[in-house]
Amino acid sequence: MAPTAAERQAAEQLRAEGNKLFQRGKFAAAAQTYTEAITLAPDTAALYVNRALCHKKLAASGAGGGGGCGGGGGGTWERIDADAQRAIELDAHSLKGNYLRGVALRELGGDLGRAISHLGRALEEARAQGDAIKDEIWRELARTQDAAWRAESAVRQAELGALRDQLAALARFAAGKARAAPEAGVAAAGAQGAAAGAAADAAAGAAAGSPGGSLPEVDWPALDRVLARAARGDSRGEVPSCLVCPLTMEVFRDPVVTRCGRSYERQALLEHLAKVGAWDPITRKKVDAADVTPNVALRGAVQLYLEEHGWAWHECY
């Protein structure tokens with residue numbers, strides 16, 4: 001049954017009261033107030049988001065344990081996840097709902113792929129809306145991507161080590177077969193005569209993998225070089241300077257380009273123009289906010305680099 005007009009009005013009043021409590025840092029009281037509003041208007045996504053934000057603040061302060069704060073029992077991150085999931089069910093495009101769901105999945109040790117998907121969706125929404133939270137979402141996305149890369153890298157390293165061990169075991173097994181085959185040939189020669197012995201020797205040679213019966217040496221240094229090249233993608237390096245903002249010295253998140261052809265992080269450049277002067281930080285030529293345009297190509301290059309060099313996500317938060 002849908003809430004009545006009076007219930008929605010009361011819920012909105014409680015929401016406004018909760019917002020004031022949140023601004024004053026009264027997160028537990030704000031969460032309880034949002035819960036009261038939810039009982040009146042359970043189909044309002046923003047109320048679940050607001051309550052989840054309260055729980056996130058409580059988790060950051062270490063005061064979110066137990067089953068209080070208006071959200072039912074269980075741990076704080078479980079409550080955040082439940083509220084974020086409900087918000088998304090009500091509004092699939094909920095910016096903060098997707099953001100909180102992604103962070104909660106990571107903190108709960110859940111599916112990092114799903115966490116990345118939710119955070120990516122939240123970042124797209126934040127960029128489209130011009131919401132200042134986009135930088136915070138980017139850092140949480142980078143932290144989650146880094147966690148996923150470290151987990152996948154550990155698996156790959158273990159697989160490479162296991163592969164080398166398997167190759168070594170196969171080489172030892174083949175060498176043992178090669179040594180055993182000539183002995184079998186000698187025994188057969190004694191029992192069946194010289195002709196049978198010659199046939200056994202030939203069989204031994206075939207079993208050893210070469211005409212003379214000797215086993216080719218394994219080139220272990222070459223094999224190690226091949227395995228090292230395979231592992232190179234999991235080795236940390238240095239992000240190319242062209243992908244780093246000269247003002248923040250951080251990997252570009254939202255690069256823009258001035259009419260002088262220089263690229264900077266959007267927020268850093270706008271702050272420079274507002275507080276320092278209306279000129280390009282490097283060329284010193286006159287520039288104002290109207291001359292700044294998104295550098296879509298550079299943003300795509302950063303994304304591609306991060307996809308191919310997962311270790312670089314660590315440099316983004």
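The values are calculated or read from the model by the stated rules, or taken from the named source; none is laboratory data. What you see is a predicted model, and the numbers here were worked out from it, not measured in a lab. Here Cβ is always computed from backbone atoms with ideal geometry, including for glycine, and neighbour counts include all displayed protein chains. Quick note on the areas: whole protein, heavy atoms, side chains included, nothing else; ligands and nucleic acids left out. Shrake-Rupley method; radii C 1.70, N 1.55, O 1.52, S 1.80 Å.
Just give me the residues in region 239-271 being in contact (Cβ under 8 Å) with a residue 24 or more places away in the chain, buried (at least 17 other Cβ atoms within 10 Å of the Cβ) and either farther than 20 Å from Gln129 by Cβ or aromatic (Phe, Trp, Tyr) (or both), in sequence order.
Val239, Leu243, Val251, Phe252, Val257, Thr258, Ser263
Residues in region 260-271: is at least one more than 31 Å from the chain's Cα centre (by Cα) and in a helix (DSSP H, G or I)?
Among the residues of region 260-271, not one is more than 31 Å from the chain's Cα centre (by Cα) and in a helix (DSSP H, G or I), which makes the answer no.
With Ala180, Ala188, Ala208, Ala289 as the choices, which residue is modelled with pLDDT under 95, open to solvent by 60 Å² or more (accessible area, probe 1.4 Å) and aliphatic (A, V, I, L, M)? Steps first, answer last, please.
Values: Ala180 fails: open to solvent by 60 Å² or more (accessible area, probe 1.4 Å); Ala188 fails: open to solvent by 60 Å² or more (accessible area, probe 1.4 Å); Ala208 fails: open to solvent by 60 Å² or more (accessible area, probe 1.4 Å).
Just a single option satisfies the conditions, and that option is Ala289.
Have a look at Gly102, Gly97, Gly71 and point out the one that is assigned to a loop (DSSP other than H, G, I, E, B) and either in the same structural domain as Ile137 (by the TED database) or modelled with pLDDT under 95 (or both). Spell out how you get there, then give the answer.
Numbers: Gly102 fails: assigned to a loop (DSSP other than H, G, I, E, B); Gly97 fails: assigned to a loop (DSSP other than H, G, I, E, B).
Exactly one residue qualifies, and that residue is Gly71.
Consider region 121-155. How many of its residues are modelled with pLDDT under 95, more than 15 Å from Tyr99 (Cβ to Cβ) and either over 16 Å from the mean Cα position of the chain (by Cα) or open to solvent by less than 20 Å² (accessible area, probe 1.4 Å) (or both)?
So the answer is 2.
Of everything in region 106-120, what is open to solvent by 10 Å² or more (accessible area, probe 1.4 Å), in a helix (DSSP H, G or I) and farther than 21 Å from Ala46 by Cβ? Give them in sequence order. Let's see the steps before the verdict.
Here is the first cut: in region 106-120, the residues open to solvent by 10 Å² or more (accessible area, probe 1.4 Å) are 106-114, 116-118, 120.
In the following step, the residues that additionally are in a helix (DSSP H, G or I) were identified as 106-107, 112-114, 116-118, 120.
The answer is Arg106, Glu107, Leu112, Gly113, Arg114, Ile116, Ser117, Gly120.
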